[in-house]
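Read through the structure below, which is laid out as structure tokens, and then see the notes.
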Amino acid sequence: MRRLAILGSTGSIGQSALEVLAEHPGRFQVVSLAAARSVETLAAQARVHQPEVIAVLDAAAAARLAALLPDQLARRVVHGPQGYLEAAVGCGPELVLSAMVGAAGLMPTYAAVQAGVDVALANKETLVAGGQPVTAAARKSGAAILPVDSEHSAIFQALMGNDPGSVAALWLTASGGPFREHRPQDLAAVTPAQALNHPNWAMGPKITIDSATLMNKGLEVIEARWLFDQPLERIKVVIHPQSVVHSLVEFVDGSVIAQMGVPDMKLPILVALCHPQRVATAWPRLDITRMGPLTFDPPDLERFPALGLALAAGRAGGTAPAALNAANEVAVEAFLAGRLDFPGIPACVEAVLAAQAPAPAGSVAAVLEADRRARSAARAWLAQRG
């Protein structure tokens with residue numbers, strides 16, 4: 001059994017991963033679980049999987065968690081940045097599922113890669129903000145970075161057996177979210193409840209809002225640049241409302257290979273965890289005789305300015321993507337709390353990027369400093385807006 005650490009076990013990806021493990025017993029031993037403050041869910045997971053390390057965000061959450069566990073498990077509770085590092089590398093995992101939300105996943109994922117531990121990556125912010133130092137560490141240690149996002153998993157699968165040098169373009173598909181047909185002037189009235197109602201995917205709140213603004217697709221473009229070592233100009237975005245084609249690779253000879261399937265995150269999770277094996281499942285299959293027409297359209301950057309901001313940050317390079325991601329996290333949090341309207345999310349990000357010149361991003365320290373400065377600037381912008 002392969003020793004598996006799950007960072008972000010109480011989120012949508014983490015819970016789906018545990019469902020995958022339950023349906024394929026005997027393949028993995030869960031040696032650590034990490035979450036933020038969802039202690040009741042984490043306690044239930046810990047009682048089932050008996051991990052060697054259980055990590056939470058802070059001392060208060062650790063105390064609440066320990067009170068819910070028998071003494072044997074309570075003694076394994078750790079917290080804070082050091083606790084997350086213990087969950088990522090301290091218990092000797094052979095594979096880390098990195099599914100923490102936001103930039104919080106950067107340091108434990110980086111630590112795992114530095115230690116030569118393979119990472120199944122669902123935390124796209126790790127490569128958006130820290131792509132240069134993380135991929136450099138992976139090359140040095142020999143750690144594999146296996147994509148879990150459905151779009152990147154699709155590209156990963158389409159590239160199998162092909163020379164990366166023969167790629168003409170990577171095509172990332174986007175559903176367009178719940179507002180793909182809204183007029184730009186109507187988006188100011190959008191509520192968090194409406195934005196959280198994704199038409200195709202069941203995801204956590206932050207990524208669901210990012211999908212509604214199309215920021216998620218911009219982050220995926222930057223992540224794909226590092227995952228597949230392709231220049232940004234070869235990475236394209238196309239709106240595909242049916243979410244059947246999860247992404248495509250176009251080759252220099254004109255061939256296009258697409259990966260298709262039902263919109264269920266358990267499949268890309270399984271692909272990443274079990275690579276290079278293919279594992280049989282009893283899950284629902286895509287019935288190509290009944291799936292109906294498939295449509296593909298260019299994205300509307302007037303309706304979705306967040307995508308344009310992400311592409312510009314990717315072209316600027318350095319710490320610009322880290323600043324983009326940090327400002328977006330602050331803005332999304334404010335929108336979900338009712339303190340910012342929907343168009344205010346890209347407006348906040350644009351203001352932060354305009355005020356900060358990108359610096360070199362060769363180290364994690366530089367990335368974290370850019371993240372800190374961008375968060376501070378975003379909060380100041382929100383305070384001025386009132």
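Couple of notes before you dig in:
- Residue match in the range 70-82 (condition: crowded, with 18+ Cβ neighbours inside 10 Å, closer than 19 Å to Asn123 by Cβ and touching a Leu at 6+ places or on another chain (Cβ under 6 Å)): no
- Within the range 27-36, if we keep just the residues that are surrounded by fewer than 23 Cβ atoms within 10 Å (Cβ to Cβ) and assigned to a loop (DSSP other than H, G, I, E, B), the residue that is nearest to the chain's Cα centre (by Cα) turns out to be Ala36.
- With respect to the stated conditions, Val89 fails to be of a type in the set (Val, Ile, Thr), buried (at least 23 other Cβ atoms within 10 Å of the Cβ), at pLDDT 95 or above and in contact with a helix residue (DSSP H, G or I) (Cβ under 7 Å, 6 or more places away or on another chain).
- Looking only at the range 246-257, and only at residues there that are surrounded by fewer than 18 Cβ atoms within 10 Å (Cβ to Cβ) and of a type outside the set (Ser, Thr, Tyr), the one that is nearest to the chain's Cα centre (by Cα): Ile257
- Residue list for the range 114-129, filter: modelled with pLDDT under 95 and among the charged types (D, E, K, R): Lys124, Glu125
- So Ala347, is it surrounded by 24 or more Cβ atoms within 10 Å (Cβ to Cβ) and either in a helix (DSSP H, G or I) or among the polar types (S, T, N, Q) (or both): no
- Identity of the residue in the range 350-386, in a loop (DSSP other than H, G, I, E, B) and touching a residue at least 12 places away in the same chain (Cβ under 8 Å), that ends up surrounded by the most Cβ atoms within 10 Å (Cβ to Cβ): Ala361
- Condition check for Leu267: at pLDDT 95 or above, within 27 Å of Gly161 (Cβ to Cβ), buried (at least 18 other Cβ atoms within 10 Å of the Cβ) and not β-branched (Val, Ile, Thr): yes
- The one condition in (1) crowded, with 24+ Cβ neighbours inside 10 Å; (2) at pLDDT 95 or above; (3) assigned to a helix (DSSP H, G or I); (4) not small (Gly, Ala, Ser) that Leu170 fails to fulfil: (3)
The values are calculated or read from the model by the stated rules, or taken from the named source; none is laboratory data. Quick caveat: nothing in here was measured; it's all calculated off a predicted structure. Every residue, glycine among them, receives a Cβ derived from its backbone with ideal geometry; neighbour counts consider all protein chains shown.
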